[in-house]
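The values are calculated or read from the model by the stated rules, or taken from the named source; none is laboratory data. A quick note: this is a predicted structure, and the numbers were derived from the prediction, not measured. Quick reminder, even Gly has a Cβ in these numbers, built from the backbone with ideal geometry, and neighbours come from all protein chains shown. Accessible surface is based on the protein model in full, side chains and every heavy atom, while ligands, DNA and RNA are left aside. Shrake-Rupley method; radii C 1.70, N 1.55, O 1.52, S 1.80 Å.
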Amino acid sequence: MRVGHADDVRLASGVTAVIFDAPAVAAMDVRGGGPGVREGAALDLANTVEQIDGIALAGGSAFGLEAGGGVQAWLAEQGRGFRVRDALIPIVPGAICFDLLNGGDKAWGRFAPYRDLGYAAAAAAGTDFALGSAGAGLGATTANFKGGVGSASAATPGGIKVAALAVVNAVGTVTVGDGPWFWAAPFEIGGEYGGRGMPPSFTSDMLAMRLKGAAAATSVENTTLAVVVTDAVLTKPQAKRLAMIAQTGFARAIYPVHAPLDGDLLFAAATCEKPVDPLVGLTELGMVAANVVARAIARGVYSATALAFPDALPAWKDRFG
């Protein structure tokens, strides 16, 4: 798997592309009340296609769904895709988050720029990529701090690898109240998001519901998107189960989560290199994946930088270093 970003500072939005070097078995789990998805039906367990070539994550709300066309165009140039006799069709699911009101210039004219950004993100894909305010996370926000792109990885005791990429644009908070503590603190490794742990005690204010936009929020303004990739050998139904278990990591990192105001969803993909026990082994893999998702979400906020617009939300590091 390789990841690439393309974004526009003036637009305050962008695209993140996930490119698989070979087709990967994939499924999707949606739990937010306002999702925006491309090729979601193809991932349904009842449908024919089992493998995908890439994933497009974008800002721009429904306009950002065009990013998948750009990623698809790049993959087609590489000769990648699902073969139907002499035709090759790259399979590129995608999802979007709402960043249209973050202060950026969205007066793009007749056509939104996301198809071109998708192509550029795919072309830039590599094993090293930026976290925080980059790609689809450039314009992302949460209820109290700037959001962004986060990533984390781990392995099961048996050596099966799992990695997560998250675009954090949540309606709720990733921190406990307005303090330095992350809800995902119990899963942190090596101080990767500040090492602040949990607060010594919880107050009612910390547990109060904080929503981005408060009463003015709508069902399309907020989303956390995640991609989990493992080298386990999985069928499409097993990838679906992995996606379902892994999305519990959202609840370990965001408060509240999976609301009518969110478009939360998670793609799970398997590169199918190492066998896994279908019961206990898959359960353990899902457990580790959920922890990795929680870490990726916290890292997305921890790594972000504030947008350079009046009244922009502060970054976590602006307050806590």
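The table below gives the values:
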| quantity | calculated |
| --- | --- |
| Single condition Gly64 does not satisfy, out of (1) more than 18 Å from Ser151 (Cα to Cα); (2) of a type outside the set (A, V, I, L, M, F, W, C); (3) touching a strand residue (DSSP E or B) at 6+ places or on another chain (Cβ under 6 Å); (4) assigned to a loop (DSSP other than H, G, I, E, B) | (4) |
| Residue match in region 279-294 (condition: more than 19 Å from the chain's Cα centre (by Cα) and without any contact (Cβ under 8 Å) to a residue 24 or more places away in the chain) | yes |
| Every pair of residues 6+ apart whose Cβ atoms lie under 7 Å, when the first sits in region 33-56 and is without any contact (Cβ under 8 Å) to a residue 24 or more places away in the chain and over 22 Å from His5 (Cα atoms) while the second is aliphatic (A, V, I, L, M) and surrounded by fewer than 17 Cβ atoms within 10 Å (Cβ to Cβ) | Asn47/Ala41 |
| Hits in region 48-61 (condition: of a type outside the set (Gly, Ala, Ser) and either in a strand (DSSP E or B) or under 24 Å from the mean Cα position of the chain (by Cα) (or both)) | Val49, Glu50, Gln51, Ile52, Asp53, Ile55, Leu57 |
| Residue list for region 71-104, restricted to those being buried (at least 19 other Cβ atoms within 10 Å of the Cβ) and not in a loop (DSSP other than H, G, I, E, B) | Val71, Gln72, Trp74, Leu75, Gly94, Ala95, Ile96 |
| Failed item in (1) open to solvent by 10 Å² or more (accessible area, probe 1.4 Å); (2) more than 21 Å from Phe309 (Cβ to Cβ); (3) within 15 Å of the chain's Cα centre (by Cα); (4) not β-branched (Val, Ile, Thr), with Ala164 passing the rest | (1) |
| Answer residue from region 182-218, given it is under 21 Å from the mean Cα position of the chain (by Cα), at pLDDT 95 or above and open to solvent by 50 Å² or more (accessible area, probe 1.4 Å) and is farthest from Ala290 (Cα to Cα) among those | Ile189 |
| Lone qualifier among Val276, Val257 - being open to solvent by 20 Å² or more (accessible area, probe 1.4 Å) and in contact with a Leu (Cβ under 9 Å, 6 or more places away or on another chain) | Val276 |
| Options Lys274, Lys317: the member that is of a type in the set (D, E, K, R), farther than 13 Å from Ile245 by Cα and in contact with an Asp or Glu (Cβ under 9 Å, 6 or more places away or on another chain) | Lys274 |
